[in-house]
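Have a look at the structure below, then the notes.
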Amino acid sequence: MGSLLQFMRLVGQLKRVPRTGWVYRNVAKPESVSDHMYRMAIMAMVTEDKTLNKERCIRLALVHDMAECIVGDIAPADNITKEEKHRREEDAMKHLTQLLSEDLKKEIYELWEEYEYQSSAEARFVKELDQCEMILQAFEYEELEKKPGRLQDFYDSTAGKFNHPEIVQLVSSINTERNTKIAAASNRDSASFE
């Protein structure tokens, strides 16, 4: 039972690992990795796509960033190669899953690999959820800070990466609402200079 407790405590660290992109952009009280993974799991749960295994999508969302409880949230700005990031995360997942029974070890590690290698329709869907959740969070931070458009680089990094119809629709809704707020702020700013 001690190794299960160790696993739970390590995974619990995800509640205290802030998402690095927000930290680098000086967002006050940035979300944690587990905050991000939780909303992704909810997004997977509410998909209407009957061609996807919804339960598998939820599991992939819950596992995809699990290694970050050991390696931290490695962002593109950290200048670590994709190969090195993968190696670190693979080592972390091996360490984490060694703490579990053989069945659970195999299940969780294989889910992580499936996501990492984008080897199924579910993994590709969850990858799009990952990026969609990020821009939704960026939109919410812009609203909280009352600075529409401040986090544009997060949107730019996802341009052209959405293909699943449900996610394309959600991204379109986010962009429409966001662009309305940016335009309103721009109009207020220009009116104050007249």
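The values are calculated or read from the model by the stated rules, or taken from the named source; none is laboratory data. The structure presented is a predicted model; accordingly, all values stated were derived computationally and were not measured. Here Cβ is always computed from backbone atoms with ideal geometry, including for glycine, and neighbour counts include all displayed protein chains. Keep in mind that these areas ignore ligands, DNA and RNA; they rest on the heavy atoms of the full protein, side chains included. Shrake-Rupley method; radii C 1.70, N 1.55, O 1.52, S 1.80 Å.
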statement: The rounded separation in angstrom of the Cα centers of segment 60-86 and segment 138-177 is 22 Å
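Report the extension gain between Glu107 and Gln131 in nm, rounded to one decimal, defined as 0.36 nm multiplied by the number of residues separating them, less their alpha carbon distance. Working shown, then result.
On the way: separation 24, 0.36 × 24 = 8.64 nm, distance 2.42 nm.
Contour length minus the Cα-Cα distance gives 6.2 nm.
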query: For labels at Ser186 and Arg124 in the simple 7 Å Cα→Cβ model, what's the distance in nm?
result: 3.5 nm
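List the trypsin sites (Lys or Arg not before Pro) in segment 14-123 that DSSP assigns to loop (not H, G, I, E or B) and whose Cβ has at most 10 other Cβ atoms within 10 Å. Which are they? Could you put the intermediate results ahead of the total?
On the way: sites: Lys15, Arg16, Arg19, Arg25, Arg39, Lys50, Lys54, Arg56, Arg59, Lys82, Lys85, Arg87, Arg88, Lys94, Lys105, Lys106; in loops: Arg19, Arg25, Lys50.
Those satisfying the criteria are Lys50.
Can you tell me how segment 1-121 classifies by the Cα gyration tensor, rounded, prolate or oblate, using a/c under 1.5 as the rounded cut?
On the way: a/c = 1.42, a/b = 1.11, b/c = 1.28.
It comes out rounded by the Cα gyration axes.
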field: Cα-centre dipole for segment 45-194 with unit charges at Cβ (Lys and Arg positive, Asp and Glu negative), debye to 20
entry: 260 debye
field: the chain: calculated mean residue ellipticity at 222 nm from DSSP helix runs of at least 4, using -39500 (n - 2.57)
entry: -22000 deg cm²/dmol
- prompt: Using a 1.4 Å probe, what is the accessible area per residue for segment 1-67, in Å²?
  reply: 57 Å²
task: Sticking with the crude label model, points 7 Å out along Cα→Cβ, report the distance from Ala77 to Glu55 in nm, one decimal please.
output: 4.1 nm
- prompt: Of Gln131, Asn179, Ser157, which is farthest on the positive side of the dipole of the chain, counting Cα position, with +1 on Lys and Arg Cβ, -1 on Asp and Glu Cβ, and the Cα centre as origin?
  reply: Asn179
- request: Could you run the Karplus curve 6.51 cos²θ - 1.76 cosθ + 1.60 with θ = phi - 60° over segment 97-102 and give me ³J(HN,Hα) per residue in whole Hz, x for Gly and Pro?
  value: 6, 4, 7, 10, 4, 4
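What does the convex hull of the alpha-carbon atoms of segment 76-194 project to on average, in nm²? Provide the component values of the computation, followed by the final result.
Working: hull surface 40.1 nm².
Spelled out: convex hull of the Cα atoms, projected over all directions, averaged, 10.0 nm².
Rounded to the nearest 0.05, what FRET efficiency is calculated for His86 and Asn163 with R0 set to 25 Å and r the Cβ-Cβ distance? Spell out each step's value before the answer.
Details: r = 23 Å, r/R0 = 0.93.
So the FRET efficiency works out to roughly 0.60.
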- prompt: Whole-Hz Karplus ³J(HN,Hα) for segment 16-26, in order, using 6.51 cos²θ - 1.76 cosθ + 1.60 and θ = phi - 60°, x for Gly and Pro?
  reply: 10, 9, x, 6, 4, x, 6, 4, 5, 9, 6
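Over the chain, what is the relative contact order in whole percent, taking alpha-carbon pairs under 8 Å and six or more residues apart?
Values: 179 pairs, mean separation 38.1, N = 194.
Computed value for the chain: 20 percent relative contact order.
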- line: Residue by residue through segment 108-125, the couplings from Karplus 6.51 cos²θ - 1.76 cosθ + 1.60 with θ = phi - 60°, in Hz, x for Gly and Pro, are 5, 5, 5, 4, 4, 4, 4, 5, 4, 9, 6, 8, 8, 4, 5, 5, 5, 4
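Express the carbon and sulfur contribution to the solvent-accessible surface of the chain as a percent, rounded to the nearest whole number, probe 1.4 angstrom.
Details: 6040 of 11020 Å².
The C+S portion of the solvent-accessible surface of the chain is 55 percent.
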message: Longer than 21 Å from Cα to Cα, which of Lys15/Lys106; Lys147/Lys181; Lys127/Lys161; Lys50/Lys127; Lys146/Lys181 are they? Say none if no pair is.
response: Lys15/Lys106
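Assign unit charges at the C-beta atoms only (+1 for Lys and Arg, -1 for Asp and Glu), then state the dipole size of segment 1-89 relative to its Cα centre in Debye, rounded to the nearest 20.
On the way: 15 positive and 12 negative charges, 33 e Å.
Rounded to the nearest 20 debye, it is 160 debye.
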